[in-house]
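The values are calculated or read from the model by the stated rules, or taken from the named source; none is laboratory data. Since the model is a prediction, treat every value here as computed from it, not as a measurement. Cβ placement follows ideal geometry from the backbone for every residue including glycine, while neighbour counts extend to all protein chains displayed.
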Amino acid sequence: MKKVKIGVIGAGGIARRRTIPGMLLADNIELTAVMDIMKIDEIAAEFKVKKAYDKVEDLLADPNVEAVYIATPASKHLEQIQMAAAAGKHILCEKPLTMKVEEAIQAVAACKKAGVYLQEGYMMTFHAAHQAIRKAIDEGKIGKPVYMRAQLSCWYPPIPGAWRQDPAKGGGGSLIDMATHLYDLLEFFNGPIRKIVALTGNQVQNYKSEDSSTSLLEFANGTHATVDAFFCVPDEATKTRLEIYGSKGAIFTEGTIGQSQAGVAEIISGLGDGGYDAQQSKDVVRTFQPLPFTPKNPYTAECEYFANCILTGKAPEVNTGENAIRIMRITQKAYESANDGVVKTI
């Protein structure tokens, strides 16, 4: 199989922990080069990569690199996307694509002008359980989606130099870093969000970025949803639940949201045709059934999809640049709402 030769810009952090190991499992990718400003020789040795750079421009000048994966702090993304596009490299960039809507527009324009593909790194779209959920919803298994809830929290105490804890480097905290994953995922299931109201704050951690965020959403088809994302909930105390209620049933998951490939999913369907039950007994047995899916590393699936787009000459249709602009616009409206308490229309 022909392979796309990829270089990684920002090979520490999430790239080292998750994306590079996932990328190495892809049949259509060759990891050609890595770049980081810290421990780059150590990282290159860990993944047995011969080309190691400590400057972005040096990696981009490598003629063997056909595409790049960018996983640097969000404040660096626009400049590095523009540089990569000018060098003729296709781009898979971690979320958030940029810090502001205007920057996202510039990034997408640079890629279009250069004729290179751009995909944003919302890997949860590629989780096998979420693919199965999308199929079940599209097939009408739970009727019209009525309400959704998505949860993603972790314990993220103050860490010296952590860019996600400084809005000047990351654009914000738990909302832009984690809630945006869930905005993207819920839109994948149910179409566009049309209204948002959000709360943010610092309840526990004392850094500049928010450690707390809760969002109330309304979708174009009328569905309601809540998204809760916190940096101040111990990891052991959260089950990262996803709940989707419809007019004919419901879907629940635990452990599918996040960085893993597993978790459990269950569905109940074929309801909603009976009359009103005046007894309203909540002791009835709910006959949920497993919603089957075959676990696969979502980072592998994400990278394989990106590489396949390059190999086939077909631009990405999932997590596109246009979608990145939209998610950035939703994010900006969420922060505006948190500041003034007003419901925002997207």
*Given the residues 327, 267, which is the only one that is surrounded by 10 or more Cβ atoms within 10 Å (Cβ to Cβ), of a type in the set (A, V, I, L, M, F, W, C) and in a helix (DSSP H, G or I)?*
327
*asked:* Against the definition (surrounded by 20 or more Cβ atoms within 10 Å (Cβ to Cβ), in the same structural domain as residue 13 (by TED's automatic domain parsing), under 13 Å from residue 319 (Cβ atoms) and more than 15 Å from the chain's Cα centre (by Cα)), how does residue 108 come out, yes or no?
replied: yes
*Would you tally the residues in segment 172-199 being in contact with a Phe, Trp or Tyr (Cβ under 7 Å, 6 or more places away or on another chain), polar (S, T, N, Q) and crowded, with 23+ Cβ neighbours inside 10 Å?*
1
_Go through (1) farther than 18 Å from residue 185 by Cα; (2) polar (S, T, N, Q); (3) surrounded by 12 or more Cβ atoms within 10 Å (Cβ to Cβ) for residue 345 and report which single condition fails._
(3)
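Does any residue of segment 112-122 turn out to be more than 15 Å from the chain's Cα centre (by Cα), of a type in the set (Asp, Glu) and at negative phi? I'd like the intermediate steps shown before the answer.
Applying the first criterion (more than 15 Å from the chain's Cα centre (by Cα)) to segment 112-122 yields 112-117.
Applying the additional criterion that residues be of a type in the set (Asp, Glu) yields none.
No: zero hits.
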_Looking only at segment 14-49, count every residue that is surrounded by fewer than 20 Cβ atoms within 10 Å (Cβ to Cβ) and in contact with an Asp or Glu (Cβ under 7 Å, 6 or more places away or on another chain) and tell me the total._
4
*Got a sec? Which of 259, 279 is in the same structural domain as residue 192 (by TED's automatic domain parsing) and more than 24 Å from residue 20 (Cβ to Cβ)?*
279
*Are any residues in segment 313-324 surrounded by fewer than 20 Cβ atoms within 10 Å (Cβ to Cβ) and part of a helix (DSSP H, G or I), and if so, which ones?*
322
*Find the residue count for segment 242-264, including only residues that are without any contact (Cβ under 8 Å) to a residue 24 or more places away in the chain and assigned to a strand (DSSP E or B).*
1
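Residue under question is residue 275, and the condition is that it be more than 30 Å from residue 68 (Cα to Cα) and surrounded by fewer than 21 Cβ atoms within 10 Å (Cβ to Cβ); does it hold? Write out each step before concluding.
On the way: more than 30 Å from residue 68 (Cα to Cα): yes; surrounded by fewer than 21 Cβ atoms within 10 Å (Cβ to Cβ): yes.
Here the answer is yes, as residue 275 does meet what is asked.
Can you find, within segment 295-312, the residue that is nearest to residue 247 (Cα to Cα) among those that are over 20 Å from the mean Cα position of the chain (by Cα) and surrounded by fewer than 18 Cβ atoms within 10 Å (Cβ to Cβ)? Write out each step before concluding.
Our first condition is that a residue be over 20 Å from the mean Cα position of the chain (by Cα); within segment 295-312, this holds for 310-312.
Cutting the leftovers down to surrounded by fewer than 18 Cβ atoms within 10 Å (Cβ to Cβ) gives us 311-312.
Working: 311: 42, 312: 40 Å.
That would be 312.
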_Meets criteria (touching a strand residue (DSSP E or B) at 6+ places or on another chain (Cβ under 9 Å) and either hydroxyl-bearing (Ser, Thr, Tyr) or assigned to a loop (DSSP other than H, G, I, E, B) (or both)) for residue 294_ = no
*Scanning for something at pLDDT below 95, of a type in the set (Ser, Thr, Tyr) and touching a strand residue (DSSP E or B) at 6+ places or on another chain (Cβ under 9 Å), does segment 262-278 turn up at least one residue?*
no
